[in-house]
Amino acid sequence: MDGNLILVLGDQLSPEVSSLKAGDKHSDVVLLAEVAAEATYVKHHKKKIAFLLSAMRHFADELREDGWSVEYVRLDDPQNTGSLGAEVERISGRLNPARILVTEAGEWRLQKEARRWSDALGRPVDVLPDDRFLSSREEFTAWADGRKQLRMEYFYREMRRKTGLLMEGDKPAGDKWNYDAENRKPAADDLFMPEPLRTNPDKVTRQVLDLVALQFADHFGDLEPFWFAVTRADAEVAFENFVSQALPRFGDFQDAMLTGQSFLYHAVVSHYLNAGLLEPLAVCRRVERAYLDGSVPLNAAEGFIRQIIGWREFIRGIYWLKMPDYAGSNFFGSTRPLPDFYWTGKTDMACLAAAVGQTREEAYAHHIQRLMVTGNFAMLAGIDPHQVHEWYLAVYADAYEWVEMPNTLGMSQFADGGLLGSKPYAASGNYINKMSDYCGNCHFDVKRKTGEGACPFNSLYWHFMDRNRGQLGGNPRLGPVYRTWDRMTPAKQQDYRDSAEVILSEL
Ligand SMILES: Cc1cc2nc3c(=O)[nH]c(=O)nc-3n(C[C@H](O)[C@H](O)[C@H](O)COP(=O)(O)OP(=O)(O)OC[C@H]3O[C@@H](n4cnc5c(N)ncnc54)[C@H](O)[C@@H]3O)c2cc1C
Ligand code: SF4
């Protein structure tokens, strides 16, 4: 062939990805490969695999319709070697392209591998920056350089200024940067509850579902019902549904949890954004428009935009800034294995059973479930953070290491010792009770602090604070917590320790 081979990875399904923008549809060939190694290096949820394979097949069709030549390697192709590097070698050996173009991978592991391809293949490999993000890796490094503490809020303000989103001149709309304090209302189940738009599987998706059922039967999660959008057009319709139905109340109920309601007022779009079916800036501009035309309040629009141009970008910046060492973070030196109920959902703790149960069904849990239920429990119980990370990476449809790892190791487990957050997100049952209705249906009593029948979060919380005092005692934000502990009688403190030890011994 005369032109180049453009490798498009499974989370780069956008015509705007830099490798395609740098290519020429008249002379280049696009390669998409379904490889077993990427689906099994952790055993991803069946729905996540089906979503990505179907989205890849649809994207390949769209590229062909747009005039590109596409080499598509199916998972069950007898010649498929099962790994990305070997597929690039096989196809480039056959086509003999001048160069190979690829947009940088979202995972350090794959990025490192891609950098070796040039030597291995004996032809140039151009690894291009992923410009679907607002802040390049270099910009983030420059922003972080010389700062004592990296805090999302300051980075977020830079991104607001850079994009002009919700800005009135050089001031934030409404004169406030952040409306988080207004976004902590518990939800009630008598409210009108929106639902994410469900897309019916077409013929291509049906074939993929059969394939996944056959090849990944032993992976976690329910494959059906499968309702994710698998094309850009359908993802956009699903997003419009969120804007009109749920966004107006997104802010108010962002932290709420409710039995039987897996999605509440959340967007359920992270898997579309992370795979390339939706563009981050475009969805933020759409939300800004909804605010400007008066259809959503400012606290909802600001809350949503902050998640995308603030948290999502900040998290990615931290990942690339700190890898590869970040992966080994274990500030508390936790070693306990992940309890089985993270996979089975079989536990008497109603909050955990609900979070794991819906994760199995939907490959989705919203932020507060991930942070304050499954994450909080794992941190309080001293679970090995690497096992916690592998669990989150496997079970959620939106999980890629660049976004999952800092959220898990940093935000949720405090395993990075406070790089990402100023204090651990540790909470007793009281917080879960305030933000959800789980406790009313639980075997345990959230009001009981210790002993038989007491909510396990209560004694585990104090056990965590007590056993990690060496690392946390000097944190000014935890001063009031330790003062409360110090005011307890020694007998009360021992009661907490003993209760927690019983729970831990039974995990
Ligand atoms: C332990 C843990 C693990 C997580 N793992 C992932 C992951 O693997 N992939 C992932 O995309 N998100 C992850 N998150 C962040 C967040 O929970 C999800 O982005 C969110 O729940 C996705 O649901 P949604 O689309 O309904 O989001 P909404 O609540 O509607 O928020 C809108 C969008 O904001 C973005 N966003 C919000 N919070 C974050 C955040 N902390 N980091 C990055 N983006 C954010 C997402 O793109 C999301 O789609 C994790 C959070 C925690 C605490
Ligand atoms: S009582 Fe405790 S374990 Fe039960 S749902 Fe409430 S917080 Fe969870």
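The values are calculated or read from the model by the stated rules, or taken from the named source; none is laboratory data. This structure is a prediction, so every number in the text was calculated from the model and none was measured. Here the Cβ positions follow ideal geometry from the backbone for every residue, glycine too, while neighbour counts run over all protein chains shown. Note: areas computed on protein heavy atoms with side chains; ligands, DNA, RNA excluded. Shrake-Rupley method; radii C 1.70, N 1.55, O 1.52, S 1.80 Å.
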Quiz item: Residue check, GLU452 against (1) over 29 Å from PRO406 (Cα atoms); (2) surrounded by 14 or more Cβ atoms within 10 Å (Cβ to Cβ); (3) at pLDDT below 95, all met but one. Which one?
Solution: (2)
Quiz item: Which residue, of ARG336, ARG316, is on the phi < 0 side of the Ramachandran plot, touching a strand residue (DSSP E or B) at 6+ places or on another chain (Cβ under 6 Å), charged (D, E, K, R) and at pLDDT 95 or above?
Solution: ARG336
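Inside the stretch 200-308, counting only helices (runs of 4 or more DSSP H) that do not spill past its ends, which hold 3 or more residues that are more than 19 Å from the chain's Cα centre (by Cα)? Write out each step before concluding.
Details: elements: 203-215, 232-245, 247-250, 270-275, 280-292, 298-305.
Answer list for the stretch 200-308: 203-215, 232-245, 247-250, 280-292, 298-305.
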Quiz item: Which pairs have Cβ atoms under 9 Å, sit 6 or more apart or on different chains, and link a residue in the stretch 31-52 that is assigned to a loop (DSSP other than H, G, I, E, B) to one that is surrounded by fewer than 24 Cβ atoms within 10 Å (Cβ to Cβ) and among the basic types (Lys, Arg)?
Solution: GLU34/ARG57; GLU34/ARG74; TYR41/ARG109; HIS45/ARG360
Exercise. Collect the residues in the stretch 395-417 that are more than 9 Å from ligand 1 (Cβ to nearest atom) and among the acidic types (Asp, Glu), keeping them in residue-number order.
Key: ASP416
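Between ASP234, ASP255, which is closer than 24 Å to TRP311 by Cα and either more than 13 Å from ligand 1 (Cβ to nearest atom) or among the acidic types (Asp, Glu) (or both)?
Values: ASP234 fails: closer than 24 Å to TRP311 by Cα.
Criteria check complete, one pass: ASP255.
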Self-check item: Restricting the stretch 12-42 to residues that are open to solvent by less than 20 Å² (accessible area, probe 1.4 Å) and among the acidic types (Asp, Glu), the residue that is farthest from ALA114 (Cα to Cα)
Solution: ASP28
Quiz item: Taking the stretch 303-343 on its own, how many of its residues are within 16 Å of ligand 2 (Cβ to nearest atom) and open to solvent by 20 Å² or more (accessible area, probe 1.4 Å)?
Solution: 1
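Looking only at the stretch 401-452, which residues are more than 30 Å from ARG109 (Cα to Cα), part of a loop (DSSP other than H, G, I, E, B) and touching a strand residue (DSSP E or B) at 6+ places or on another chain (Cβ under 9 Å)? Talk me through it step by step, then tell me what you get.
Within the stretch 401-452, the first condition is being more than 30 Å from ARG109 (Cα to Cα), and the residues that meet it are 426-452.
Adding the requirement that they be part of a loop (DSSP other than H, G, I, E, B) leaves 426-428, 436-437, 442-444, 446-452.
Listed by number, the residues that qualify are SER436, ASP437, PHE444, VAL446, LYS447, ARG448.
If you check TYR364 against the conditions, is it surrounded by fewer than 18 Cβ atoms within 10 Å (Cβ to Cβ), within 9 Å of ligand 1 (Cβ to nearest atom) and modelled with pLDDT of 95 or more?
Values: surrounded by fewer than 18 Cβ atoms within 10 Å (Cβ to Cβ): no; within 9 Å of ligand 1 (Cβ to nearest atom): yes; modelled with pLDDT of 95 or more: yes.
It is false that TYR364 is surrounded by fewer than 18 Cβ atoms within 10 Å (Cβ to Cβ), within 9 Å of ligand 1 (Cβ to nearest atom) and modelled with pLDDT of 95 or more.
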